[in-house]
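Written out below as structure tokens is the structure these notes cover.
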Amino acid sequence: MDNKEVKILFRFFSDVLEEWTVEILCAETIDSENGLYKLANIPFYASVSCDDIVFAEYDEDEEMLTYRKTIEHSGNSTIQVIVMDKNIVTNDLREIFNSLGCESEKLSERYFVIEVPKRLNYKPIRKILMDLEANEKIGYAEPNLAENHFY
């Protein structure tokens, strides 16, 4: 194992942004000869999750390591949240999910992503998301829902 941290470029069409976009994620090198890397952070837009093992290779046009495919899903899920109610403090919402065992990353006051770890039952977390959405507080998407979190 190389354990060297690298950056991997993801280029994809974002349904959230409704345009082609680029995101760069940190990863730990598992096997550089075979292009295997373990993602080390929660993606804002890419349809992968932290700890997924991906195949990436150097792309001459992009001039950096570029994602090609996911080799092994970690079992973690990534949930995207848009805060619709301007009276809600985003960090208060993040704290609710953090208290349930879900880390999150905030991009802006109105957008953050949640990581649901493999070990957690997603049902109670999803119920909170659904209630918040039904009350028009948030909108959410499940771009990378692990099999163990299907409902």
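Structural remarks
- Against the chain, whose longest principal axis comes from its Cα atoms, helix 90-99 is set at around 80 degrees.
- Of all accessible heavy-atom area on the chain, the percent that carbon and sulfur account for (1.4 Å): 47
- Computed on the Cα trace of region 1-73, the radius of gyration divided by the Kirkwood hydrodynamic radius gives Rg/Rh = 0.96.
- Entries in 4/137; 7/86; 7/118; 7/127; 4/118; 4/106 that, when Cα-Cα distance is taken, lie over 30 Å: 4/137; 7/86; 7/127
- Extended-chain gain in nm, criterion 0.36 nm per residue less alpha-carbon gap, residue 135 and residue 95: 12.5 nm
- Entry comment: accessible area of the chain is 57 Å² per residue, from protein heavy atoms only and a probe of 1.4 Å.
- Loop GluC sites (Glu not before Pro), region 39-122 (other Cβ atoms within 10 Å of the site Cβ: 10 or fewer; DSSP): 60, 63
- Checking every one of the trypsin sites (Lys or Arg not before Pro) in region 36-111 against DSSP loop status and a limit of 10 other Cβ atoms within 10 Å picks out 86.
- Across the options 74, 124, 56, the greatest Cα extent toward the positive end of the charge dipole of region 5-124 (unit charges at beta carbon of Lys, Arg, Asp, Glu) belongs to 124.
- Against the chain, whose longest principal axis comes from its Cα atoms, helix 122-134 is set at around 60 degrees.
- Kirkwood's formula applied to the C-alpha pairs of the chain gives a hydrodynamic radius of 16.1 angstrom.
- Difference of contour (0.36 nm per residue) and Cα-Cα distance, residue 62 to residue 87: 4.9 nm
- Over region 88-151, relative contact order from alpha-carbon pairs under 8 Å, at least 6 apart, %: 24
- Mean separation of Cα pairs under 8 Å and 6 or more residues apart, divided by the residue count, gives the chain a relative contact order of 20 percent.
- Qualifying trypsin sites (Lys or Arg not before Pro) in region 1-35, DSSP loop, other Cβ atoms within 10 Å at most 15: 4
The values are calculated or read from the model by the stated rules, or taken from the named source; none is laboratory data. Source: prediction; values computed, not measured. With ideal geometry, Cβ positions are generated from the backbone for all residues, glycine too; neighbour counts draw on all protein chains shown. When the accessible area is computed, the model is the full protein with side chains, heavy atoms only, and any ligands, DNA or RNA have been set aside. Shrake-Rupley method; radii C 1.70, N 1.55, O 1.52, S 1.80 Å.
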